[in-house]
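The values are calculated or read from the model by the stated rules, or taken from the named source; none is laboratory data. For clarity, every value in this text was computed on a predicted model and none was experimentally measured. Every residue, glycine among them, receives a Cβ derived from its backbone with ideal geometry; neighbour counts consider all protein chains shown.
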Amino acid sequence: MTELFDDTQPLGLIDPIDLLEEYVIGHEIVAITLLGIFNPMGPTLIPISLLRDDESEIAYLLVSSLNPFNQTRQLVARVEDNTECLAIYLPLLGESDAESLPKSLPSHMACLAKDEYERAYLAASTIEFLKSIPLTEPLSDTISSYRKYPGDPWARIPSIESMMETTSEKTPVEVDPPSEDDWADWYDVVFTRDHSIAEFQGIVDAWNGSIQNFGNGLPHMPMEEALAELASLGFPFFTPPS
């Protein structure tokens with residue numbers, strides 16, 4: 001552990017390191033942002049956290065990807081041990097090749113912070129990273145879909161049958177880069193309390209449904225285990241984001 005938290009090591013993105021239990025024992029994990037991707041064939045939760053050591057001036061960005069059928073937990077960046085530094089390092093995640101990072105635009109995002117100011121810059125920094133994700137449709141269309149079906153993520157998707165005829169993931173397409181106004185609109189919708197609650201509940205329901213409908217006896221992570229892991233990472237999943 002001394003080598004991992006060596007203060008002489010340079011800060012910035014690192015080659016992803018798979019998280020080991022020994023890296024966690026005796027250290028603190030601080031929750032930062034929870035991303036969620038609603039997909040009836042396999043939803044995904046992506047908690048982003050800080051792994052800290054009280055005797056070190058550095059910390060690590062820990063990005064986990066929790067899916068019913070696949071889970072990845074990786075240290076992806078070495079950073080200063082304070083939340084203010086995240087305005088520098090969160091946007092850099094778009095340059096990382098870590099498997100745990102989202103491959104499609106999340107429909108749920110909750111930033112944990114002590115005040116509105118901190119929450120705002122965490123959100124802005126996370127959005128800078130999300131801008132690097134290839135889109136499957138214009139962002140304005142995504143926002144329109146959110147507004148057309150408020151509080152009902154299931155109404156936004158095609159039928160399960162049609163999804164099974166294609167694939168569980170849409171193919172990125174060539175779209176014009178979203179404007180800053182588009183991202184501001186996306187933020188305004190995704191950060192509303194009603195949207196957050198509905199999306200998280202949709203992910204929970206889709207999690208259980210995907211195991212029932214598509215598991216076919218495959219090893220899987222029950223939703224209860226995913227929620228317990230979120231709790232261990234400091235995310236208050238029983239309390240919807242405000």
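Give the residues of the range 132-144 that are surrounded by fewer than 15 Cβ atoms within 10 Å (Cβ to Cβ) and closer than 20 Å to Lys103 by Cβ, sorted by residue number. If the condition is that a residue be surrounded by fewer than 15 Cβ atoms within 10 Å (Cβ to Cβ) and closer than 20 Å to Lys103 by Cβ, then Ser132, Pro134, Glu137, Asp141 are the ones that fit.
Might you check whether a residue that is over 20 Å from Pro177 (Cα atoms), in contact (Cβ under 8 Å) with a residue 24 or more places away in the chain and of a type in the set (Lys, Arg) occurs anywhere in the range 125-145?
Checking the range 125-145: not a single residue is over 20 Å from Pro177 (Cα atoms), in contact (Cβ under 8 Å) with a residue 24 or more places away in the chain and of a type in the set (Lys, Arg).
The single residue among Arg147, Arg119 that is in a helix (DSSP H, G or I) and either in contact with a helix residue (DSSP H, G or I) (Cβ under 8 Å, 6 or more places away or on another chain) or of a type in the set (Gly, Ala, Ser) (or both) turns out to be Arg147. A search for C-beta distances below 8 Å between a residue of the range 43-62 that is closer than 30 Å to Phe200 by Cβ and any residue that is aromatic (Phe, Trp, Tyr) and surrounded by fewer than 24 Cβ atoms within 10 Å (Cβ to Cβ), counting only pairs 6+ apart in sequence or on different chains, returns Pro47/Phe235; Leu51/Tyr23; Leu61/Tyr89. Taking the range 112-153 as the search range and keeping residues that are at pLDDT below 90 and acidic (Asp, Glu), which one is farthest from Asn82 (Cα to Cα)? Checking each candidate, the answer is Glu116. No other residue among Gln74, Gln9 is farther than 26 Å from Trp207 by Cβ and of a type outside the set (Phe, Trp, Tyr) apart from Gln9.
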